[in-house]
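Notes to accompany the following structure.
The values are calculated or read from the model by the stated rules, or taken from the named source; none is laboratory data. Here the structure is a predicted model, which is why all the values come from computation and not from measurement. For neighbour counting, all protein chains shown are included, and Cβ atoms are generated from backbone atoms with ideal geometry for every residue, glycine included. Side chains are part of the model used for accessible areas, which takes the heavy atoms of the whole protein and leaves out ligands, DNA and RNA. Shrake-Rupley method; radii C 1.70, N 1.55, O 1.52, S 1.80 Å.
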Amino acid sequence: MTNKEYDFSKIEPKWQKYWDENKTFRADDFSGKKKFYCLVEFPYPSGDGLHVGHPRSYTALDILARKRRMQDCNVLFPMGFDSFGLPSENYAIKTGIHPTIVTRKNIERFTAQLKSLGFSFDWDRVFSTTDPDYYRWTQWIFIKFFEKGLAYKSKMPINWCLSCKIGLANEEVVDGKCERCGGDVEKRSIEQWMLKITAYADKLIKDLDTVDFLEKIKAQQINWIGRSEGADVDFMIDGTGRKITVYTTRPDTLFGATYMVLSPEHALVHEITSAQQKDAVDAYCRHAARMSDLERTEEKEKTGVFTGAYAVNPVNGKKIPVWIADYVLISYGTGAIMAVAAHDTRDFEFAVKFRLPVICIISPDVKEAESAGVDIQDVLEGKSCWSGNGRMINSSNSDGLDINGLEVTDSKRRTTEWLEKKGIGKGAVNYKLRDWVFSRQRYWGEPIPMIHCDKCGWVPVPEDQLPVLLPQVDKYEPTDTGESPLAVISDWVRTTCPKCGAAAKRETDTMPNWAGSSWYFLRYIDPKNNKCFADRKKLDYWMGVDWYNGGMEHTTLHLLYSRFWNKFLFDCGLVPTSEPYMKRTSHGMVLGEGGEKMSKSRGNVINPDDVVGKYGADVFRLYEMFIGPFDQSAAWDTKGISGIDRFLRKLWRMMVESEISDEPMNREQLRVLHQTIKKVGEDIETLDLNTAISQMMIFTNEFSKSGKLPREAAESFIKVLAPFAPHICEELWEIFGHGSSIAHAPWPAYKDEFLKLDEIEILVQIKGRPKARMMMPAGITQDKMQELALGNAEVGKELSGKKIIKVVCVPGRLVNIVSNP
RNA sequence: GCGCGGGUGGCGAAAUUGGCAGACGCGCCAGACUUAGGAUCUGGUGGGGCAACCCAUGGGGGUUCAAAUCCCCCCUCGCGCACCA
């Protein structure tokens, strides 16, 4: 053999070219093999190039995809680019270069980087969300939403980022700031296209039961959707004939409602306010309107104003004052609440401050109150607040409602029934989830394919005129008026109504950058189709995605949105599965050296190209998998790479310098080999890739001891390592005389019989303390174990003069002798 | 406040139907080979003690022959949500 030196700089390009030319990783539409659709989140092709975080996810699923191919599956492992977005647009504003050009350049760089890492993507299926052939169908799906009444235009207060000059979805506002730029966000009322994701709130929760997502992902989605069950209850406003509906999760606490609070934005505030209170109420409302969401939540002390109006409590006819306060949000429930000061900490705080009555109607659970350190007497006297469990008291009227003595579930049910019978309320469900603000007032996005006609209203662009292409513009700058830069291109905006032919105007808003990624997993299945978004037969074959890995940061954005789109398409009969992803896992972040987030400003960014250039792709891939548990964040450690580098070079020497023997392996070699096949195979399935690599290191340590290398061990080992370090393994596979790629070589099987030892070292403990180690035959009985242990000289010495009380034998592990004293 | 994760050597970490804590790797120490070593190989490496032994998985209690692992209380770090009625 001539290849004495391990030279990744020759090996890696060689095999990358081979895979490209031979289309080694092409997925076949339809096949007798078992299909496996393996997906990673496609990147935004930023000008900075690939981040070392991308390969963490990509390598892990590449390992899985490669293993599945060796297990004779038909694997779809695609890649694409999510290219609409602000950075390209901002770059265009700065330089005047069209985003299309920048995007094309960035995609070229990303493609080269991804290929240099040896990922087994099916490159024949690549596309960018900015390809007109792709966004044609994004627009088409939008029209489907419109046709089904799930896309609607509405003037509503939205989150407006002052520096990006763009409206944001709720999900894009983090801590009151713009998720992207960290700038201030204010409320503005603008006409917006909305997608009715709330119509799917229940299904988005319930169907989580049918999929295999990490528990924390499910929990976060459920929490975000925020379903709660309660009742809407009508209160009459005294002397006005007006009715105000409140939403409460505890209708059974009506007897404890001592006042009512409306949000300052509530529609009826001004109608019910008394003349004396008008000035105070107006001033409060103006003040509240000026505050941003952030300031409003930062306000710790409760504020509010009395409206002068009284509401009538429907369970007992008592008049209770109506206040306004900004702790009641217009965006949740009905924007009005009944306040039960004795059993809600916020209401209690408010009541104390404004000297409103506190009436206790729940007698605290004694045990619970004790462990919480709450004085029950104080609660009963209205001196402190109890929001825990307990039994209802003071809760009956002469009109057929008596819930005294009941616990929560029963009292809620009974009260709701009573309200419904009397026609003054009914059971209701509420969600924290809001409809999705789907308009953006920027250039670099999919044009929303709608036309406004004065006579016909909003009319979709006819299907045969899709895609609505982004027109060329001279200036990309967003405007302060909230209009898209497209609005100034008058000959593009001017068009005719597809319905009546009259003069009409195009919608100038574009879609948010989450649009393209909401259905891309469907397009990979049939990326070149120009008749429909994807052929139904192919969808039937490939869907759903068997395994999808991505970042936790997308849990309440992309992951939720794309589940919603898929469910909608499923209800339209267009896709075969209600859930798009059968399994979802998540990787931890790759942090900079020292554990801080990588950023240009910290100067701790690691460029993958540098690592690949110095150590090669195989080392880079192995290192990222060895760095720590896959689901936890990990700090980059340049020193740590050398361990992997040594491992591969040691392996190479072992493979090419040893005498390859066909003699049978010894017992220990067999055991290590089969243990390695077993452990690596199992660890890949759970993405415990760090321990898989440890096991492979144990293998090389064992087999490099002598200068002889059994052929069977070598070849099996190359196969299990191949998914991790594909280039070096292809090269070794060739050196070992195989003519074709290892990518489709069969995954090796292990035999249980070789995993067992003939003799096992058994620990002998006395009262739990290790005293001796003895070799015992593997299949030994417990009686025999005990006998051997007690016959041990060391043990006998320890036990002399002591009385044996008990002996515990654990087969294959230990004998524990309990003695007295 | 609510929800979800973590806390183990100098460092990244292993170990879960409870069964020898620290696999594997980094770093460090010693030695070999070498003109040389940021190459390679061999050995060592949780802490204390000369030793027998003792102490160690955030802290405190408990269950058990046996606890990093199970139960109770507490501390701490990270992430997500947050005046959601």
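Summary of computed values
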item	result
Equivalent ellipsoid dimensions for the stretch A:1-102 as semi-axes, Å, which come from the Cα gyration tensor, largest first	32, 22, 13
The stretch A:1-96: GluC sites (Glu not before Pro) falling in loop per DSSP and having at most 15 other Cβ within 10 Å	A:Glu5
Counted charge near A:Val807, where neighbours are those whose Cβ lies closer than 11 Å (Asp, Glu -1; Lys, Arg +1)	-1
Cα-based reach from A:Lys367 at 29 Å (exclusive), listing lysines while leaving out same-chain residues under 8 positions away	A:Lys383, A:Lys412
Relative contact order of the stretch A:682-754, defined on C-alpha pairs under 8 angstrom at six or more residues apart (%)	21
Euclidean distance of C-alpha centroids, the stretch A:465-537 and the stretch A:711-762, integer Å	52
Flagged links, alpha-carbon separation over 30 Å, of A:Lys14/A:Lys639; A:Lys155/A:Lys218; A:Lys678/A:Lys797; A:Lys33/A:Lys531	A:Lys155/A:Lys218; A:Lys678/A:Lys797
With Cα atoms, 0 to 90° folded angle of helix A:617-626 axis to chain A main axis	70
C-alpha long axis of helix A:689-703 to longest principal axis of chain A, angle in °	10
For chain A, calculated [θ]222 nm from helices alone, where every DSSP H run of n ≥ 4 adds -39500 (n - 2.57)	-10500 deg cm²/dmol
All lysines inside 23 Å of A:Lys803 as judged from Cα atoms, apart from same-chain residues fewer than 8 positions distant	A:Lys767, A:Lys771, A:Lys784
In the stretch A:736-796, chymotrypsin sites (Phe, Trp or Tyr not before Pro) in a DSSP loop with at most 13 other beta-carbon atoms within 10 Å	none
Relative contact order %, the stretch A:391-461, counting alpha carbon pairs below 8 Å whose residues are six or more apart	15
20 Å Cα-Cα reach of A:Lys177 towards lysines, excluding residues that sit fewer than 8 places from it in its own chain	A:Lys165, A:Lys187, A:Lys300, A:Lys432, A:Lys597
Accessible area in the full protein assembly, largest first, 1.4 Å probe, for A:Tyr91, A:Tyr135	A:Tyr91, A:Tyr135
Percent antiparallel among DSSP beta bridges (both partners in chain A, rounded to 5)	75
Distance histogram in 10 Å bins (all Cα pairs of chain A, percent per bin)	2, 10, 16, 17, 16, 15, 12, 7, 3, 1, 0
Around A:Glu407: net Lys/Arg minus Asp/Glu count, Cβ-Cβ under 13 Å	+1
Relative contact order (%) - chain A, alpha-carbon pairs under 8 angstrom, separation at least six	14
Trypsin sites (Lys or Arg not before Pro) restricted to the stretch A:208-280 and DSSP loop, no more than 15 other C-beta within 10 Å	A:Arg242
Cα long-axis angle, helix A:8-22 against chain A (0 to 90 degrees, to the nearest 10)	70
